[in-house]
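Here, each number is a calculation from the coordinates, and none is a lab measurement. Keep in mind that what you see is a predicted model, and the values were worked out from it rather than measured. Virtual Cβ from ideal backbone geometry, glycine too; neighbours counted across all protein chains shown.
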Amino acid sequence: MFAAFLNRASLFVVALALIAAQSGWAAEPLSPLVVGHRGLLRSAPECTLAGFRACLALRVGFEFDVRRTKDGVLVCLHDETVDRTTDGHGKLADLSYDQLKKLDAGSRFRTAFHGERVPRVDEVFTLIADESHGDMLFSVDLKETGEGLEEKIVRLAESRGILAQLLFSGKTIESADVRERLKDASDLARTACLCTNADEIKTAVADANTDWIYIRHLPAPIDIGRVRAAHKRLFLAGPLVASLEIINWSKAAELHIDAILTDFPLELAAPFRR
């Protein structure tokens, strides 16, 4: 029986995609934009092409983390080490890409995903370029910065024609220097700045290097008005919306929050599908 369950699990992501393709549910635009935290992490291994591809098929964006291997290859991995999500051990910074690509990044989640690898960022960008549809947002969580990383990732995005679909988060939201380096690489790079109160929102809306206001609270209407007046947008993340928080999702929608990051992207998307 357990083996049968695993066989069914191996087809789960494909089944979701088929449901999406055969229904109007997957084709409607979303308001707010839905962003799946590390992909579709409750149904597929986090930060893998399997999870990202499922998000794309279901017309929701996703967030992914960016780090460097020992030899400077940009890859998608949340942790500093490979221990939790792969069959390997040790720090990513101590592994070359050739070593990393041999690791299984799927079986720890479920054996049906045996053979999934830690993807390179360029692979993720190619997937977005080939399979994204309509108004979708992809949050790039920079776990590392500096030494040319910002320019390198912008150039990769430009080469795939997807820069306008990305929002840079992670270290971007707390570092004016990172935002400046991204903007130096391209004025079209969209950056987010963390704001925890009304005063910080006032500062961020006046910052030429900030495009999105990254919040973990539901702002007052007057603060939302300031953001709108500055032609900027609101990205809501954190405990208020990460879990199955239907009431908070509804409040965010009523406030016209532009995008929400959650572990439950399909459940969040459902009320906005017609």
Which one of these does ARG108 not meet: (1) part of a loop (DSSP other than H, G, I, E, B); (2) without any contact (Cβ under 8 Å) to a residue 40 or more places away in the chain; (3) farther than 21 Å from LEU261 by Cβ; (4) not β-branched (Val, Ile, Thr)? (2)
Here the residues within the range 84-98 that are surrounded by 16 or more Cβ atoms within 10 Å (Cβ to Cβ) and over 21 Å from the mean Cα position of the chain (by Cα) are GLY88, LEU95, TYR97
Residues of the range 132-162 satisfying the condition of being farther than 13 Å from VAL121 by Cα and part of a helix (DSSP H, G or I): GLU151
Looking at the range 243-259, can you tell me whether even one residue there is more than 19 Å from ASP135 (Cα to Cα) and of a type in the set (Val, Ile, Thr)? yes
Just need a number here: residues in the range 28-70 that are over 26 Å from GLU144 (Cα atoms) and part of a loop (DSSP other than H, G, I, E, B). 8
Assess whether LEU127 counts as being closer than 22 Å to ALA259 by Cα, in contact with a Lys or Arg (Cβ under 7 Å, 6 or more places away or on another chain) and aliphatic (A, V, I, L, M). yes
Enumerate the pairs (first residue in the range 72-93 and assigned to a loop (DSSP other than H, G, I, E, B); second residue anywhere and surrounded by 13 or more Cβ atoms within 10 Å (Cβ to Cβ) and aromatic (Phe, Trp, Tyr)) with beta-carbon separation below 7 Å, excluding pairs fewer than 6 apart on the same chain, so at least 6 apart or on different chains. VAL73/TYR97
What's the total number of residues in the range 135-162 that are in contact (Cβ under 8 Å) with a residue 60 or more places away in the chain, closer than 12 Å to ARG67 by Cα and of a type in the set (Asp, Glu)? 2
Could you tell me which of the residues ILE224, ILE260 is in contact with a helix residue (DSSP H, G or I) (Cβ under 8 Å, 6 or more places away or on another chain) and at negative phi? ILE260
Members of the range 190-222 that are farther than 26 Å from ASP263 by Cα and in contact with a strand residue (DSSP E or B) (Cβ under 9 Å, 6 or more places away or on another chain): GLU200, THR203, ALA204, VAL205, ASP207, ASN209
